[in-house]
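Colleague: The structure that follows is given in the form of C-alpha cells.
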Amino acid sequence: MLSHSPTEEQEAIYTAAATTDANIMISALAGTGKTSTLEALQSRVKAKPILYLVFNRKNADEAEKKMLSTTTVRSFNGQGHRIWASTGRELTLVSPKDGNLKTKNILREIINSSPKAARDQIWSVWNQVVSGVGLAKSLGYIPQGVVKSDQSLITQTNFHKFLDEAPDDLVSDLIDAVLRTSIKLAFDGTIDYNDQVYMPALFGGVFPKFPLVLADEYQDLSPVDHALLHRIVADRRLAGVGDPWQNIYGFRGAMAGGMDGAISKYKMEEFPLSISFRCPSAIVSHVHWRVPHFKAHHEGGKVSTPPKLAAHEIPDNATIICRNNAPLFAIAFRLIGIGHSVSVAGSDIGPRIVSIMRKLGNDEMTQGQVLSAINDWEAEKLANESKSAADLAACMRIFARQGQTLSIAIAYAEHLFKQSGTIKLMTGHKSKGLEFNHVIHLDPWLCGDSEQDQNLRYVISTRSLDQLVEINSDRIEW
C-alpha cells in the first residue's frame, strides 16, 4: 500500500498498533502519508473488525477503495445516520444538497404564522438565523425547553460568542425556536445533514461495537463530532490521526485543541509523522517558523517573494490562494481583462454576496449610491461585532466598481462565479486537502497573529508540490 519503504516513524506506529492495546494519536503533518499509514496499520492490528471514520462522503468513497474488507469505512454523518435510525425510526433526510433546507422550511413557517407587521423584520435576519442554527448543531447547543436540554455541550452565552455577529433578542429567540422544532421533527424521523451527528451525539441511539475505531482529520472535529465519537468508542480502542497545525475551521465549530484534549481524555500514546512526501525541501523549510520539526522526503522546490510580478508571467496552471475573498475577486477581473481564463471557488460565498447586494436597494441605484449603501451595511454589521462584514463589504465594492448600476454590479458578480478557467483562485480555507504545482499566496500579510491565522498560512504554503510565490496585490504589474 506504500509507494516507499516505511519510515522509522511509520514502523513505530505499526509496532505500537500490533504489540500493544494502547490508544494512539498520530500527529501527521502536511503530505506525510497519513492515509497510506492507516491503510498499512489496519493489517497489523489484531483487533478486527475496524471502524474507520472519515470527515465526509468524498473521503469515505476514496477510502473504501483502499481499505480491507474487515474495515468498515463511514463518514461521521453516515455513521450518525445509522445510529439515529437504529432505534427503529424511519428517517427522511431533507435535501442532502441543501443542508439548511429543513431550517429554512421551519423558519418560513414561523414567518407565515407571525403577524404581518413582524414578517419583514424576521425576513431581515433570515441569514443570521439559518447560519446560527447550523452552528448551534455543530457546537452542540440545546435550547431550554427541550428534553435532555441539560446535555447541551455549550451554554447559550458561549454559543452566542461563536456567531458571526452578536444576536439581538429576536435572532436569539428565533434560533432557539427553530432548534426546538427541528429537534422535535428529528425525533419524528425528519432530519437534515447536521442532525445526522447532532441527534445521536446528544440524544442517543444504539451505538456500534467495534474493537478498534480509527478517526481521521481529528483537528477538524466539532464538539458534536467529539461527543459522537466518545459514545462510539466507549471502552474500546481508539486511534486518531490529524495535524494540529491545520486546525483552521474554528469559525464553523472545529474544536481548538481537540487533539490534545483527546490525548488526555483517552490516555493516548503520541506518534509523529513529520516527513512530507508532498512538499519538497524548499517548501518544508519555508514553514519551519510554524512547524520546526517538519522534514522533507525529497529535495527541490522553490519559494520566492519577488518585489514585483508581471501579470502576464502568471502561468495558466497557477493556483492563487488568499486568506480573504476580496483580493481574489479583484485580481480575477484583472486577469480576465488581459485574456486569462479563471475559476473562482465561491460556491457558498457567491450566493451570499449576491443575496446581500439585492437587498441594498433598487436595480437602478447608481454606483455611488451602491457604494454608500455598502458602507452603511458594513457599519451596521460591525456595530454588531460581525466577524465577516469587512471582507464581505470589500467583495461587494469590487463588484460595485465594475458597473454603473446595482443590477450591472450583480450581473458581474454572477458572471464571475460561473467562470471555469485554468487559473484557479480560492481562499486558504477552501484549499485545505488539495495540492498544486504552482501556488501564489496573494497578500500573505492578511494572515494575522491569531492561532487560526498562523495555521492558515502554514496550510496555504504546504499546498505546493513545487513552486510557491508570495506576493502582495499592489506588487503585481498590469
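The values are calculated or read from the model by the stated rules, or taken from the named source; none is laboratory data. Please read these numbers as outputs of a predicted model, since none were measured by experiment. All Cβ positions, even for glycine, are placed from backbone atoms using ideal geometry, and neighbour counts span all protein chains on display.
Colleague: Here are some conditions: (1) of a type in the set (Phe, Trp, Tyr); (2) closer than 28 Å to Asp220 by Cα; (3) not in a loop (DSSP other than H, G, I, E, B). Trp123 meets all but one. Which one does it not meet?
Modeller: For Trp123, the failing item is (2).
Colleague: Let me ask something else about it. Does Val125 satisfy the condition of being out of contact with any strand residue (DSSP E or B) (no Cβ under 8 Å at 6 or more places or on another chain) and modelled with pLDDT under 95?
Modeller: yes
Colleague: Tell me, yes or no, whether region 32-52 has at least one residue that is without any contact (Cβ under 8 Å) to a residue 40 or more places away in the chain, out of contact with any helix residue (DSSP H, G or I) (no Cβ under 8 Å at 6 or more places or on another chain), farther than 26 Å from Phe207 by Cβ and surrounded by 14 or more Cβ atoms within 10 Å (Cβ to Cβ).
Modeller: yes
Colleague: Condition test on Val146, is it surrounded by 14 or more Cβ atoms within 10 Å (Cβ to Cβ), among the hydrophobic types (A, V, I, L, M, F, W, C) and in a loop (DSSP other than H, G, I, E, B)? Let's see the steps before the verdict.
Modeller: Details: surrounded by 14 or more Cβ atoms within 10 Å (Cβ to Cβ): yes; among the hydrophobic types (A, V, I, L, M, F, W, C): yes; in a loop (DSSP other than H, G, I, E, B): yes.
Yes.
Colleague: How many residues are among the hydroxyl-bearing types (Ser, Thr, Tyr) and in contact with a Ser or Thr (Cβ under 8 Å, 6 or more places away or on another chain) if we restrict to region 417-456?
Modeller: So the count comes out to 3.
Colleague: Let me ask another. Of (1) among the charged types (D, E, K, R); (2) part of a helix (DSSP H, G or I); (3) assigned by TED's automatic domain parsing to the domain that holds Tyr266, Asp235 satisfies all except one. Which?
Modeller: (2)
Colleague: Right, here's the next one. Name the residue that is surrounded by the most Cβ atoms within 10 Å (Cβ to Cβ), counting only residues in region 411-438 that are among the basic types (Lys, Arg) and touching a residue at least 60 places away in the same chain (Cβ under 8 Å).
Modeller: Taking region 411-438 and keeping what is among the basic types (Lys, Arg), we get 418, 424, 430, 432.
Remaining after also requiring touching a residue at least 60 places away in the same chain (Cβ under 8 Å): 424, 430, 432.
Details: Lys424: 19, Lys430: 17, Lys432: 21.
My answer is Lys432.
Colleague: So which residues in region 128-143 are over 18 Å from the mean Cα position of the chain (by Cα) and either acidic (Asp, Glu) or in a helix (DSSP H, G or I) (or both)?
Modeller: Kept after step one, since they are over 18 Å from the mean Cα position of the chain (by Cα), are these residues of region 128-143: 128-129, 141-143.
Residues satisfying the conditions are Gln128, Val129.
Colleague: Follow-up. As an exercise: evaluate Glu313 against (1) in contact with a helix residue (DSSP H, G or I) (Cβ under 8 Å, 6 or more places away or on another chain); (2) without any contact (Cβ under 8 Å) to a residue 40 or more places away in the chain; (3) within 16 Å of His438 (Cα to Cα) and give the number of the one condition it does not meet.
Modeller: (1)
Colleague: When residues of region 439-465 are filtered for being of a type outside the set (A, V, I, L, M, F, W, C), out of contact with any Asp or Glu (no Cβ under 7 Å at 6 or more places or on another chain) and crowded, with 19+ Cβ neighbours inside 10 Å, how many remain?
Modeller: Residues meeting the conditions: 7.
Colleague: Being of a type in the set (D, E, K, R) and either at pLDDT 95 or above or under 21 Å from Ile263 (Cα atoms) (or both) narrows it down to one of Asp21, Asp61, so name that one.
Modeller: Asp21
Colleague: State the number of residues belonging to region 129-176 that are of a type outside the set (Val, Ile, Thr) and under 15 Å from Ile106 (Cβ atoms).
Modeller: Taking region 129-176 and keeping what is of a type outside the set (Val, Ile, Thr), we get 131-132, 134-141, 143-145, 148-153, 156, 158-170, 172-174, 176.
Checking the rest, the ones that are also under 15 Å from Ile106 (Cβ atoms) come to 131-132, 134, 136-137, 143, 173-174, 176.
Residues that pass the stated criteria total 9.
Colleague: Would it be correct to say that Pro115 is more than 21 Å from the chain's Cα centre (by Cα) and buried (at least 18 other Cβ atoms within 10 Å of the Cβ)?
Modeller: no
Colleague: Residues being in a helix (DSSP H, G or I) and under 24 Å from the mean Cα position of the chain (by Cα): count how many of those fall in region 159-170.
Modeller: The total comes to 4.
Colleague: I'm trying to understand the selection: among the residues of region 85-112, which are part of a helix (DSSP H, G or I) and loosely packed, with under 13 Cβ neighbours inside 10 Å?
Modeller: Glu109, Asn112
Colleague: Same structure, new question: When both residues are 6+ apart or on different chains and their Cβ atoms are under 8 Å apart, which pairs have a first residue that lies in region 188-213 and is basic (Lys, Arg), and a second that is surrounded by fewer than 18 Cβ atoms within 10 Å (Cβ to Cβ) and assigned to a loop (DSSP other than H, G, I, E, B)?
Modeller: Lys209/Ala234; Lys209/Arg236
Colleague: Give me the helices (runs of 4 or more DSSP H) completely within region 360-462, filtered to those with at least 2 residues that are over 26 Å from the mean Cα position of the chain (by Cα), ordered by residue number.
Modeller: Fully inside region 360-462 and qualifying: 367-383, 406-417.
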